[in-house]
Amino acid sequence: MPSFTNFLFYFALTQAVEVPLVAYVLRERCGLKRAILAGFLGTLITHPLLNFAWPLVIPPTTRSQWTLYVATGETLV
């Protein structure tokens, strides 16, 4: 189970990568502010699920389990 400090670091990293991408894709469709908000809220909802709940379903202890964890977790969220 990841620590909360690790979670915050990776959450910030994920936000730094995903929010600009979502904002770029959605800016013309719904405006820049709403696109940024959508990117932030989407990650805010799904990131804790992937980091805290999904390891309870598929605990990534070996390399093959880690691959399964990432592939199914990212598909899920």
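Points to keep in mind about this one:
- Dipole magnitude for the chain: about 180 debye, using +1 per Lys or Arg Cβ and -1 per Asp or Glu Cβ, origin at the Cα centre.
- Carbon and sulfur %, accessible surface of the chain computed with the full protein complex present, 1.4 Å: 70 percent
- Rel. contact order, % - alpha carbon contacts under 8 angstrom, at least six apart, the chain: 27 percent
- Spherically averaged projected area of the convex hull of Cα atoms, the chain: 5.3 nm².
- Protection proxy ranking of 30-43, 56-69 - average other beta-carbon atoms within 10 Å, highest first: 30-43, 56-69
- Axis of helix 4-30 versus longest Cα principal axis of the chain: the two differ by about 40°, to the nearest ten degrees.
- Extension gain from T72 to L13, taking 0.36 nm per residue of separation minus the Cα-Cα distance: 19.2 nm
- Heavy-atom accessible area per residue - the chain, 1.4 Å, Å²: 74 Å²
The values are calculated or read from the model by the stated rules, or taken from the named source; none is laboratory data. This structure is a prediction, so every number in the text was calculated from the model and none was measured. Backbone-built Cβ (ideal geometry, glycine too); neighbour counts: all protein chains shown. Surface areas here come from the heavy atoms of the whole protein model, side chains and all, with no ligands, DNA or RNA. Shrake-Rupley method; radii C 1.70, N 1.55, O 1.52, S 1.80 Å.
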